[in-house]
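In what follows, a single structure is set out as structure tokens and then discussed.
The values are calculated or read from the model by the stated rules, or taken from the named source; none is laboratory data. Note that the structure is a prediction, hence the values are computed from the model and not measured. In this analysis, Cβ positions are derived from the backbone assuming ideal geometry, glycine residues included, and neighbour counts consider all displayed protein chains. With ligands, DNA and RNA removed, areas are computed over all heavy atoms of the protein, side chains included. Shrake-Rupley method; radii C 1.70, N 1.55, O 1.52, S 1.80 Å.
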Amino acid sequence: MNLTLNVWRQNGAGDKGRMEQYQAKNVSPDSSFLEMLDEVNEELIREGKEPIAFDHDCREGICGMCSQVINGKPHGGQDRTTVCQLHMRSFKDGDAIFIEPWRAKAFPVLRDLAVDRNALDRIMEAGGYTSCHTGGVADGNALLIGKPEADYAMDAAECIGCGACVAGCLNSSAMLFTSAKVAQLATLPQGKVEAAKRVKSMTAELKAQGFGNCTNHYECQASCPKGIDVKFIATLNREYIKALVK
Amino acid sequence: MQLTENSVGRKLLMAVTGALLLGFVIVHLLGNSSVFLGPDGINSYAENLHNLGPIVWVFRLVMLGLIVVHIWFGVSLTLENSAATPIGYASQEYRRATFSSRTMIYTGLALLAFIIYHLLHFTVQITDVEFAARQNMDAINRPDVFGMVVNGFKQTFTTVLYVVAMIVLFLHLSHGVQSILQTVGLSNDKSLPVVTLAGKGLAFVLLLGYISIPILIIAGIVKI
């Protein structure tokens, strides 16, 4: 298949950036989106041009490094799929594809499609941990956690921190990311101890990092490659209210 | 104060003030429906309200406070949100965001303009002095609210304006009702679709209730 790519090119943080058009020829429908870009880059290198910079790592959908908005949808919009697991068979021959970086003030573009997502780490540093001495490995079931609680925490822990929720959000809010961390830790006994302090400091950090505010569009859930549910945002809101009266 | 600085705190203030304003919208419609009982219904309702004296003013001040908080944070959060998204996408597709969720600031500001007009129309009564209730008394010497309402809505322009404003309110509440419950933490994956539908249903019932008054007046069914 042959495709027309409209790709965001930006020569570093200081550059204004622009969309540029490339032709991807003889693309195998079995190749992944990133493999397709690899081939386009090989061609660019052969022509002596600068290849398109993009983030990627595991290429099996678990690391959260790949970060591209494809045709206006983070990770291309296929249900529960990261860019690296998006395959060219979901496109048609002759398609024009728009590829853009995550857009948010909190995620400055480093180059082309690669953005700086350290702001998410700053939110984690504000409270996304438990400060307890873990000692040696505890006996199994020494700490009793109900199956529903364990499942709930595990669903929240599915977040891979890719930032697609921010990229998809109309307000560039990182509320789904933050809520997944808050909900995961607040559900488990180890995290409950610091729950009130955590929710206050993590949500305060959102503003400091330049993220927008959640207005319940729920575009984040549609954008999330792990299908993190907005019910965790409701959980975060509950935790916040509990922290206020504490 | 951290509540007014925090992202979730301000959202909570929007939700609580929004919920109380929604409560007013429901009670106001129940009060308005006394117009269907004829002149005696709404005139005695209005008389009883005004006889509450200072309580009316306390209520008005509380309403003003709610509106000021709701609009202040609505505007400041919107400004902050657009500052957080300095560059948009060349290609953009929405999947969960709705027309009403994306236009909250516009429908909200339009409602503010409507509230100001509505107060001038029926409370201060300066848009239509001729039919002002404080000058026209009914048979047993009460302000003739019924006559004022019926005469007010006999003008097509006024009726159209009110109907449009109520459609704007419908749009605002279509997103707003479920947003309140999500924000105060009273929703989960199972209840959210139900609450969203129920919220739109409530918004629609309020729309029908409110527009039925001017429409039945202009159709000549409710008349003096």
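Tabulated data
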read-out: Among B:8, A:154, A:187 the positive-end extreme of the charge dipole of the protein assembly as shown (Cβ point charges); value: B:8
read-out: Violating pairs (Cα-Cα greater than 26 angstrom) within the set A:25/A:49; A:147/A:231; A:105/B:190; A:181/A:207; value: A:105/B:190
read-out: Surface accessible to a 1.4 Å probe, residue A:79 within the full protein complex, Å²; value: 130 Å²
read-out: Whole-Å distance, taken between Cα centres, linking region A:143-161 and region A:175-246; value: 15 Å
read-out: Mean ellipticity per residue at 222 nm, deg cm²/dmol - from DSSP H runs of n ≥ 4 across chain B, formula -39500 (n - 2.57); value: -23000 deg cm²/dmol
read-out: Net +/- balance of residues flanking residue A:156 in space, Cβ distance below 9 Å, scoring K and R +1, D and E -1; value: -2
read-out: Top positive-direction residue, dipole computed over chain B with Cβ charges, set B:94, B:186, B:53; value: B:94
read-out: FRET efficiency for residue A:208 and residue A:116, using Cβ-Cβ distance with R0 set to 22 Å, rounded to 0.05; value: 0.90
read-out: Virtual spin-label span in nm between residue B:126 and residue A:142, 7 Å along Cα→Cβ; value: 7.6 nm
read-out: Principal-axis tilt of helix A:195-208 within chain A, Cα atoms, nearest 10 degrees; value: 30 degrees
read-out: Of the trypsin sites (Lys or Arg not before Pro) in region B:76-173, those whose Cβ has at most 13 other Cβ within 10 Å and which sit in DSSP loop; value: B:134
read-out: Protein accessible surface hidden between B and A, which excludes ligands and nucleic acids, total in Å², probe 1.4 Å; value: 3800 Å²
read-out: Gaussian network model of chain B, springs between alpha carbon atoms under 10 Å - residue of B:23, B:147, B:199 with greatest fluctuation; value: B:23
read-out: Förster radius 25 Å - calculated FRET efficiency between residue A:16 and residue A:42, Cβ distance, rounded to 0.05; value: 0.35
read-out: Estimated distance in nm for a label pair at residue B:112 and residue B:219, the labels positioned 7 Å out from Cα along Cα-to-Cβ; value: 3.5 nm
read-out: Carbon and sulfur %, accessible surface of the protein assembly as shown computed with the full protein complex present, 1.4 Å; value: 62 percent
read-out: Rounded accessible area of residue B:197 (nearest 10 Å², 1.4 Å probe); value: 130 Å²
read-out: For chain A, calculated [θ]222 nm from helices alone, where every DSSP H run of n ≥ 4 adds -39500 (n - 2.57); value: -10500 deg cm²/dmol
read-out: Probe 1.4 Å, protein heavy atoms only - accessible area per residue of region A:118-245 in square angstrom; value: 41 Å²
read-out: Among B:40, B:138, B:189: highest mean-square fluctuation, GNM of chain B, C-alpha pairs under 10 Å; value: B:189
read-out: Folded to 0 to 90 degrees: helix A:175-187 orientation relative to chain A principal axis, Cα; value: 30 degrees
read-out: Approximate shape of region A:3-111 as ellipsoid semi-axes (Cα gyration tensor, √5λ), whole Å, largest first; value: 20, 18, 13
read-out: Degrees separating the helix B:191-218 axis from the principal Cα axis of chain B, which is the longest one; value: 30 degrees
read-out: Distance in nm between pseudo-label sites at residue B:56 and residue A:63 (7 Å out along the Cβ direction from Cα); value: 7.1 nm
read-out: Order of exposure, largest accessible area first, which applies to B:175, B:70 with probe 1.4 Å; value: B:70, B:175
read-out: Solvent-accessible area of residue A:169 with every protein chain in place, 1.4 Å probe, in Å² to the nearest 10; value: 20 Å²
